[in-house]
Amino acid sequence: MPTAEQQAILTIALLAAFADGSGDDREREAIKGIAASLAGEFDAPQLTRLYQDVLLKRVDLRQAAAALTDHSQRQLAYEMAVCVCDADGAPNAAERMFLDQLKVALSLDATQAGAIDREASALVEAPLAAATLPQTAAPAPSDADLDQYIFNHSIVNGAIELLPQSLASMAIIPLQMKMVYRIGQRYGHDLDRNHIKEFIATAGIGITSQYLEQFGRKLLGGLLGSVAGGLGRGLGSVATGAAFSFATTYALGHLAKRYYAGGRQMNTALLQSTYQSLLGDARQLQQQNIGLIREKARTLDASQIMSMVRN
């Protein structure tokens, strides 16, 4: 994909990240850091400028949309914007208004855009617990079982990140939330979605910024190409790069295990320092298991991903 089109899509994704008007300083700093990191990794200094242009409102949505003349690129830009707006739950009024304006700017067919909206909603609004099984249906897992559960979740999320479909990455956060829910449940804590989101944010893991980083890597790495990719369109192609979501999932799982096993006594500073320490170990483990992650990616399909998110 040409550089100009990449910049236009990333600009739209950044505009989507700030569309809710929340002004969360933690998320802003996380996004700024990701822009700088990707700029260095992909030799793309324009990313830092794009971030500043969006933050200072020097860029116009219609101008960015006008740079995308290919239909598949416009669809991809909308998918990425939907994923970013839906990252921390159903879009609020400001985000819905932004997406409505984006549909017009991109001249997207209402039926096609609606299908993307529904697919994204199905992922982010899936219940934390499986509706078909009572919570007492199985004995509580042992520590070893829980460690294996965290490892398996990490492998799956790393594999999902290697898939070329833009909407595939939307499954990563819901699966992380379900993992935290089950770990909390293992130690006698009945968690809801808002608590889990706050726990993740307090640990220093930006939900919206995670999506932006995944999409940025896919786009700049050429994995997304010029073809938009919903979950229903041919899963199975695998990237050659590292799957960074393995490390974040693994570190988050073991942080949750320590936090809930200890009766939720860790303060913010300790949560963040512990997560960073775990993340360093997880990155090494990720490199050791990249072959396993890639192999998992080759076997994933849309129905498996949706089933995991739902159950």
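Some points to look at:
- From least to most packed, judged by other beta carbons within 10 angstrom and beginning with the fewest, V82, V309, V59 follow the order V59, V309, V82.
- Residue pairs exceeding 22 angstrom between C-alpha atoms, taken from K218/K296; K103/K178; K197/K296; K32/K218; K178/K257: K103/K178; K197/K296.
- The residues packed around L68, meaning those with a beta-carbon under 12 Å from its beta-carbon, carry a net charge of 0 if Lys and Arg are +1 and Asp and Glu are -1.
- Fully extending the segment from L55 to Q284, taken as 0.36 nm per residue of separation minus the present Cα-Cα distance, adds 79.0 nm.
- Under the simplified labelling scheme, the L292-T48 pair shows an inter-label distance of 3.8 nm, with each label point 7 Å from Cα along Cα→Cβ.
- R96/S303 FRET efficiency (R0 25 Å; Cβ-Cβ; nearest 0.05): 0.30
- Kirkwood radius, segment 3-123, all distinct C-alpha pairs, inverse of mean reciprocal distance: 14.6 Å.
- Alpha-carbon centroids, segment 179-222 and segment 30-96: separation in whole Å: 20 Å
- In this simple spin-label model, placing a label point 7 Å from the Cα along the Cα-to-Cβ direction at both D109 and S277 gives a separation of 5.5 nm.
- Ordering Y275, I31, L175 by Cα displacement along the dipole of the chain toward the positive end leaves Y275 in first place; charges were set at the Cβ atoms of Lys, Arg (+1) and Asp, Glu (-1).
- For the chain: relative contact order, % (alpha-carbon pairs under 8 angstrom, 6 or more apart): 24 percent
- Residue order for D53, D192, D88, fewest other beta carbons within 10 angstrom first, comes to D192, D53, D88.
- Size descriptors for segment 82-220: radius of gyration and Dmax over Cα atoms are 16.8, 53 Å.
- Scattering profile of the chain at q = 0.10 Å⁻¹ [log10 I(q)/I(0), Debye over alpha-carbon scatterers]: -0.53
- Remark: R186, R62, R258 ranked as R62, R258, R186, counting other beta-carbon atoms within 10 Å and listing the fewest first.
Throughout, read-outs are computed from the coordinates displayed, never taken from laboratory work. None of the values given here were measured: they were computed from a predicted structure. Cβ atoms come from the backbone with ideal geometry, glycine included; neighbour counts cover every protein chain shown.
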